[in-house]
Amino acid sequence: MDKHVDQLVNWLKQTVEETNTNGLVVGLSGGIDSSVVAYLIKQALPNHSLGVIMPCSSSSEDAEDAQLVVNGSGINQVTVNLTEQHQLLFDNIKQQVQNKNEWNEEKERLADANLRARLRMSTLYTIATNYNYLVVGTDNAAEWYTGYFTKFGDGGVDLVPLLHYTKSEVRELGKALGVPEKIINKAPSAGLWHGQTDEQEMGVSYDSIDAYLKGDKIDEQDADIIEKMHQRTAHKRALPVAPPNFHHFTQE
């Protein structure tokens, strides 16, 4: 994994140089993926890397774990608490739609969770603009294939260094980088609501997804869940859809 770390660090340096930007910023959730990215960007650009902790009606333990990463990696850090802004905005949106008697209560939790992810994305890009930094994403191969990310939320980034690494490989990268053991062994969670875990929400384990991506034989039901997620979320991995070019009209 040391070789992979060196290759990723060099790629990050090269990308900043090629884009004529000054550095790199990542949102720190207290999970393994963002922790690995934080250690990588700190190695790549020690004086021009930034981790942003963004509590948003989320567990205090997540912020504490994110601080562990800051302390361990030595990365420059800023905290922006989005709880109040999120609540005000979500309540306002909900009220306006309720006034039309069109609020879908079954979709409320998902809409709420996606708004949090998109507020965090907007925060990161506001900070990135200030420093002329690139926003670094944290999605791994399993999340990308299954579409387990919010479109224009945590999926709204400039770089995705972990895209070709399975969840288990990201953990191995974490060990090589010196990420705290507590974070490496933590149950993966997007922290979108109390008690939420990735695997519980997806209905399949990361170990199964990792094995599937490597071409190993897995439980048929798990394989079906993974493929359905992949197909259902194809739009997240594609550019916005456009119609055929009707601009050039022919004279009749």
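In terms of the Cα gyration tensor, with a ≥ b ≥ c the square roots of its eigenvalues, is the range 1-110 rounded because a/c is under 1.5, prolate because a/b exceeds b/c, or oblate?
Details: a/c = 2.76, a/b = 2.22, b/c = 1.25.
Prolate shape, in that a/c is at least 1.5 and a/b is the bigger ratio.
Among the trypsin sites (Lys or Arg not before Pro) within the range 123-212, which fall in a DSSP loop and have no more than 12 other Cβ atoms within 10 Å of their own Cβ?
Details: sites: Lys151, Lys167, Arg171, Lys175, Lys182, Lys186; in loops: Lys151, Lys186.
Qualifying residues, ordered by number: none.
Only Lys, Arg, Asp and Glu count, each charged at its Cβ (+1, +1, -1, -1), so figure out the dipole size of the chain about its Cα centre, rounded to 20 debye.
Working: 22 positive and 35 negative charges, 117 e Å.
With only Lys, Arg, Asp and Glu charged at Cβ, the dipole is about 560 debye.
Rounded to the nearest 500, what is the chain's calculated 222 nm mean residue ellipticity when only DSSP H runs of at least 4 contribute -39500 (n - 2.57) each, over all residues? It would help to have the intermediate numbers written out before the result.
Working: 11 runs with 131 residues, N = 252.
Helices in the chain give a 222 nm mean residue ellipticity of -16000 deg cm²/dmol.
Looking only at Asn20, Asn99, Asn47, which one moves most when the chain is put into a Gaussian network model with springs between Cα atoms under 10 Å?
Judging by the Gaussian network model, the answer is Asn99.
With label points built 7 Å along Cα→Cβ from the Cα atoms of Asn47 and Arg232, find their separation and express it in nm.
About 4.9 nm separates the two model spin labels.
Which of Ser34, Asn10, His230 sits closest to the plus end of the dipole of the chain, meaning its Cα is farthest towards the positive end, when Lys and Arg get +1 and Asp and Glu get -1 on the C-beta?
Result: Asn10, furthest along the dipole toward the positive end.
Using a Förster distance of 51 Å, how high is the FRET efficiency between Lys175 and Asn99, based on the Cβ-Cβ distance and rounded to 0.05?
On the way: r = 53 Å, r/R0 = 1.03.
About 0.45, to the nearest 0.05.
When a/c is below 1.5 the answer is rounded, else prolate if a/b is larger than b/c, else oblate, so apply that to the chain with a ≥ b ≥ c taken from the square roots of the Cα gyration tensor eigenvalues.
Numbers: a/c = 1.23, a/b = 1.21, b/c = 1.01.
It comes out rounded by the Cα gyration axes.
Indicate the gyration tensor shape class of the range 96-206 (rounded, prolate or oblate), computed on the Cα atoms with a ≥ b ≥ c the square roots of the eigenvalues: a/c under 1.5 is rounded; otherwise a/b larger than b/c is prolate and the rest oblate. Could you put the intermediate results ahead of the total?
On the way: a/c = 2.29, a/b = 1.37, b/c = 1.67.
Cα axes put the range 96-206 in the oblate bin.
With just the Cα atoms defining each centre, how far is the range 155-184 from the range 95-136? Give it in Å.
For the range 155-184 versus the range 95-136, the Cα centre distance is 25 Å.
By counting other Cβ atoms within 10 Å of each Cβ, how are Ser58, Ser122 ranked from fewest to most? Don't skip to the answer; put the middle values down first.
On the way: Ser58 23, Ser122 15.
Sorted ascending by nearby Cβ count, the order is Ser122, Ser58.
Show me 30-38, 100-108 ranked by packing, highest mean number of other Cβ atoms within 10 Å first.
Values: 30-38: 26.8, 100-108: 9.0.
Per-residue Cβ counts within 10 Å, averaged per peptide and sorted highest first, yield 30-38, 100-108.
For Ala111 and His164, compute 0.36 nm times the residue count separating them, minus their Cα-Cα distance, and round to one decimal in nm.
Result for the pair: 16.2 nm of gain on full extension.
Between Asp6 and Val241, what FRET efficiency follows from the Cβ-Cβ distance if R0 is 41 Å, with the result rounded to 0.05?
Working: r = 39 Å, r/R0 = 0.95.
Given R0 = 41 Å and the Cβ-Cβ separation, E is 0.60.
Taken together, the values in this text are just the output of simple stated rules run on the coordinates, not laboratory data. Keep in mind that this is a model prediction, so the values were computed, not measured. Glycine also receives a Cβ, built like all others from the backbone with ideal geometry; neighbour counts cover every protein chain displayed.
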